[in-house]
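One structure is given here, and the rest of the page talks about it.
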Amino acid sequence: MLRSLIVGCGSYLPARVVTNDELARTVDTSDEWIVGRSGIRERHIAAEGETTSDLATAAALNALKMAEIEGSEVDLIVLATATPDHTFPATATKVQSRIGMTGGFAFDVQAVCSGFVYALAVADNFIRAGQVRTALVIGAETFSRIVDWTDRTTCVLFGDGAGAVVLRAGEGRGDSSDRGVLSTHLHSDGRHHDLLYVDGGPSSTGKVGHVCMAGREVFRHAVSNLAEVVDEALAANGLKPGDIDWVVPHQANLRILEGTARKLGLPMERMVVTVDRHANTSAASVPLALTEAVTDGRIKKGDLVLLEAMGGGFTWGAGLVRM
Ligand code: ACO
């Protein structure tokens with residue numbers, strides 16, 4: 001059976017770090033409120049002129065380096081973003097040209113904060129179908145460009161960044177001891193599209209718009225949707241929470257991560273947490289956290305890793321990967 005093995009990962013964060021105290025100089029907030037409600041202490045913000053494709057390309061090149069694969073060997077790029085450089089073409093095609101990939105195909109997916117899990121599922125299915133051998137899956141965002149910097153209820157929550165993984169086709173036996181992506185599980189419920197959205201776009205206002213969020217409602221849905229999809233992923237593979245070595249969750253709010261750990265009966269040490277330093281980087285948060293834990297040696301070959309995310313739409317999903 002064909003499996004998608006993660007053979008490399010990489011990330012990129014813009015150089016500029018903005019602390020809560022710095023934000024408190026321009027909006028009516030405080031470090032105490034932001035840390036207490038979300039766990040966020042600081043975030044990286046892209047420089048003027050630094051685009052989502054710049055962040056994505058840097059992360060992709062780092063992932064290719066770890067995988068020891070040339071850009072020309074990549075058959076597919078799936079790039080998850082809600083903050084593309086342009087309305088079209090896909091940001092993925094800009095990355096394609098910059099990594100020296102002249103064949104294959106590249107496109108974007110849009111599932112906001114769940115984007116990376118969606119992109120992983122898409123690439124995994126191309127590999128399982130035998131249509132692609134090597135894929136780059138990227139999550140990259142510049143949310144700093146779409147937050148209203150005068151709205152304290154949203155601007156304190158987001159940051160910029162990018163992460164990427166390289167997938168390569170390999171053979172497995174078809175059970176949960178295989179290395180690679182074991183399964184992915186995607187959901188959406190468009191009835192809630194107006195609880196988390198951007199109030200602009202090419203066919204509505206013609207302007208880019210700003211993030212609008214009913215935070216408390218989103219929080220409530222996130223906790224229950226994530227619990228359900230994690231159960232679904234484990235059941236599909238005949239696994240129990242205790243089998244999970246690491247959870248790499250979307251980093252929206254530390255309280256959501258603590259709720260997930262409690263629900264799974266796992267200690268917080270098994271959750272990879274970056275929200276304190278990166279804030280919510282939307283589609284970039286899962287590959288950023290994964291890369292951090294692989295690079296610092298926490299996640300090792302053979303470990304069972306649960307990825308999960310929830311975002312605007314609503315969209316949500318999970319993936320189980322044996323490294
Ligand atoms: N500083 C100080 N006070 C603030 C701030 C701030 N930055 N923001 C809001 N407040 C005030 C509010 O005005 C409110 O005051 P009031 O009681 O006088 O009206 C009070 O703090 C409480 O506000 P709530 O919004 O009810 O606070 P809550 O405890 O729900 O925390 C938060 C807000 C952090 C946004 C939380 O609801 C949350 O994390 N929600 C989920 C976000 C999420 O998961 N997003 C995932 C997807 S993101 C994506 O897809 C792009």
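If I filter segment 202-261 down to residues being in a loop (DSSP other than H, G, I, E, B) and within 18 Å of L304 (Cβ to Cβ), which single residue comes out as farthest from the ligand (Cβ to nearest atom)?
Ranking the qualifying residues of segment 202-261, first place goes to G238.
Kindly check whether there is at least one residue in segment 155-171 that is small (G, A, S) and over 24 Å from A92 (Cβ atoms). Before the answer, list the steps.
Of segment 155-171, the ones small (G, A, S) are 159, 161-164, 169-170.
Cutting the leftovers down to over 24 Å from A92 (Cβ atoms) gives us none.
No.
For segment 95-121, enumerate the residues that are among the charged types (D, E, K, R) and closer than 14 Å to V137 by Cα.
Passing the criteria: only D108.
So, in segment 243-273, how many residues would count as being acidic (D, E) and within 23 Å of R216 (Cβ to Cβ)?
Of the residues in segment 243-273, 1 are acidic (D, E) and within 23 Å of R216 (Cβ to Cβ).
Here's a check for you: in segment 24-61, which residue that is away from the ligand (no atom under 13 Å from the Cβ) and β-branched (V, I, T) is most open to solvent (accessible area, probe 1.4 Å)?
So the residue we want is T51.
Would you please list the contacts, defined by Cβ atoms under 6 Å and residues six or more apart or on different chains, that run from a residue in segment 93-109 that is not assigned by TED's automatic domain parsing to the domain that holds T57 to a residue that is at pLDDT 95 or above and open to solvent by 30 Å² or more (accessible area, probe 1.4 Å)?
Within 6 Å, no pair qualifies.
All but one of (1) in contact (Cβ under 8 Å) with a residue 12 or more places away in the chain; (2) more than 11 Å from the ligand (Cβ to nearest atom) hold for M268, so report the exception by its number.
Status for M268: all satisfied but (1).
Conditions: (1) open to solvent by 30 Å² or more (accessible area, probe 1.4 Å); (2) closer than 13 Å to L304 by Cα. D276 meets all but one. Number of the miss?
If we test D276 against (1) open to solvent by 30 Å² or more (accessible area, probe 1.4 Å); (2) closer than 13 Å to L304 by Cα, just (2) comes out false.
I'd like the full set of residues that are within 19 Å of L257 (Cα to Cα) and open to solvent by 10 Å² or more (accessible area, probe 1.4 Å), limited to segment 300-311.
Step one: of segment 300-311, the residues within 19 Å of L257 (Cα to Cα) are 304-311.
Listed by number, the list holds a single entry, M310.
Helices (runs of 4 or more DSSP H) wholly in segment 88-169 with at least 2 residues that are under 14 Å from the mean Cα position of the chain (by Cα) - which ones?
On the way: elements: 91-98, 115-128, 152-155.
Passing ranges, in order: 115-128.
Name every residue in segment 10-23 that is hydrophobic (A, V, I, L, M, F, W, C) and either within 16 Å of the ligand (Cβ to nearest atom) or part of a strand (DSSP E or B) (or both), in order of residue number.
The answer is V17, V18, L23.
Starting from segment 289-313, keep only residues that are under 25 Å from D175 (Cα atoms), then list their pairs with residues that are polar (S, T, N, Q) whose Cβ atoms are within a distance under 7 Å, requiring at least 6 positions of separation or different chains.
That search, which allows pairs on different chains as well, returns A309/S114.
I want to confirm something. Restricting to segment 93-111 and keeping residues that are among the β-branched types (V, I, T) and open to solvent by less than 30 Å² (accessible area, probe 1.4 Å), which single residue is nearest to A309 (Cα to Cα)?
Ranking the candidates gives V109 first.
Looking at the structure I just gave you, is R43 touching a residue at least 40 places away in the same chain (Cβ under 8 Å), outside any helix (DSSP H, G or I) and under 18 Å from the mean Cα position of the chain (by Cα)?
Judged against the criteria, R43 is a match.
The values are calculated or read from the model by the stated rules, or taken from the named source; none is laboratory data. Fair warning: this is a prediction, and the values are worked out from it, not measured in the lab. In this analysis, Cβ positions are derived from the backbone assuming ideal geometry, glycine residues included, and neighbour counts consider all displayed protein chains. Ligands, DNA and RNA are stripped out before the accessible areas are found, and what is left, the full protein with its side chains, is counted by its heavy atoms. Shrake-Rupley method; radii C 1.70, N 1.55, O 1.52, S 1.80 Å.
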